[in-house]
């Protein structure tokens with residue numbers, strides 16, 4: 001993947017659209033789950049389909065991400081959080 005996932009880390013609408021496009025390019029079978037996550041009410045805690053991995057944890061539910069899964073995310077793959085099911089991406093700052 002030439003464009004890093006972390007480049008699309010903002011929560012505004014255009015960033016979410018870019019994350020969706022990147023995810024579906026990598027994992028077309030993820031469309032059903034993505035649609036379900038995006039349909040959650042926006043004002044609620046679970047309103048976003050994506051969350052960054054910060055300090056080895058899901059930034060939405062704070063569950064630790066397993067080391068193997070963390071390496072997958074660092075390589076540019078989207079992974080799902082085992083707790084909240086969001087699509088996780090590795091964020092660098």
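The values are calculated or read from the model by the stated rules, or taken from the named source; none is laboratory data. Keep in mind the model is a prediction, meaning the values are calculated, not measured. Here the Cβ is made from the backbone with ideal geometry for all residues, glycine too, and neighbour counts use every protein chain on show.
Return a yes/no flag: does the range 45-64 have any residue that is assigned to a helix (DSSP H, G or I), surrounded by 14 or more Cβ atoms within 10 Å (Cβ to Cβ), in contact with a helix residue (DSSP H, G or I) (Cβ under 9 Å, 6 or more places away or on another chain) and modelled with pLDDT under 85.
no
Modelled with pLDDT of 75 or more, at negative phi and assigned to a loop (DSSP other than H, G, I, E, B), is that true of residue 84?
yes
Could you figure out which of (1) out of contact with any helix residue (DSSP H, G or I) (no Cβ under 8 Å at 6 or more places or on another chain); (2) at pLDDT 90 or above isn't true of residue 33?
The failed condition is (2).
What are the residues in the range 71-83 that are over 14 Å from residue 23 (Cα atoms), over 10 Å from the mean Cα position of the chain (by Cα) and either surrounded by 17 or more Cβ atoms within 10 Å (Cβ to Cβ) or free of Cβ contacts under 8 Å to residues at least 12 places away in the same chain (or both), if any?
71
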